[in-house]
Amino acid sequence: GFEKPVVVACHGYCLGAGVNIGLTCDLRLAADDAKFGVPAAKIGLGYRASSAKNMVDTIGPANTREMLITGRQFSAAEAKAMALAHRVAPVAELESLVLDYCAMIAVNAPLTIRASKRIIRELLRQPAEFDAAGCTALVKQCFESQDYAEGRRAFMEKRKPVFQGK
């Protein structure tokens, strides 16, 4: 998987493969005019198991059933309620929201972000495939990092930390 955070902005229609692409992103921000849906049932297309799994892992089996069986379009508010969108903003504020989120992420510890993404990916695997040792190693790497020392110093000095990814 990609180690950097991926943020997607949804404005207008996000249908079919667009929903699946959005599900592969870490954060999904939407304009209040966004519409989400998978119209496969309306055209007789089978939806791949890997794509359905992405949906089940993110929005749960009940919401996945409704989306795939009905083929209907969901509003941005409905998408947020089912965790398909993390945040919803008015159309005119979507770009600002995206930039705010990116700025929020940019000041965080890169090693911690990388570890978080990998650990979450591991947690979504089947138990027999789960790499517990790998997860423990990622946490240890963060604990032993210069960034963690900088984070502790910055906290004690009441300033914002400057992380180097080391």
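The values are calculated or read from the model by the stated rules, or taken from the named source; none is laboratory data. If you're wondering where the values come from, they're calculated on a predicted model, not measured in any experiment. No Cβ is skipped: glycine too gets one built from the backbone with ideal geometry, and neighbour counts run over all protein chains shown. We work out accessible area using only protein heavy atoms, side chains counted, and drop any ligands, DNA or RNA first. Shrake-Rupley method; radii C 1.70, N 1.55, O 1.52, S 1.80 Å.
Structure data summary
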{"item": "Residue in segment 38-56 that is surrounded by the fewest Cβ atoms within 10 Å (Cβ to Cβ), counting only those that are over 21 Å from the mean Cα position of the chain (by Cα) and modelled with pLDDT of 90 or more", "result": "G44"}
{"item": "Helices (runs of 4 or more DSSP H) enclosed by segment 1-92 - at least 3 residues per element that are free of Cβ contacts under 8 Å to residues at least 24 places away in the same chain and within 20 Å of I120 (Cβ to Cβ)", "result": "49-70"}
{"item": "Segment 70-121, subset small (G, A, S) and within 13 Å of the chain's Cα centre (by Cα), residue surrounded by the most Cβ atoms within 10 Å (Cβ to Cβ)", "result": "A85"}
{"item": "Yes/no for K35 being charged (D, E, K, R) and surrounded by fewer than 15 Cβ atoms within 10 Å (Cβ to Cβ)", "result": "no"}
{"item": "Matching residues in segment 118-166 - criterion: being farther than 25 Å from V107 by Cβ, assigned to a loop (DSSP other than H, G, I, E, B) and hydrophobic (A, V, I, L, M, F, W, C)", "result": "L124, F130"}
{"item": "Residue check, A17 open to solvent by 60 Å² or more (accessible area, probe 1.4 Å) and aliphatic (A, V, I, L, M)", "result": "yes"}
{"item": "Single unsatisfied condition, R48 versus (1) on the phi > 0 side of the Ramachandran plot; (2) out of contact with any strand residue (DSSP E or B) (no Cβ under 9 Å at 6 or more places or on another chain)", "result": "(1)"}
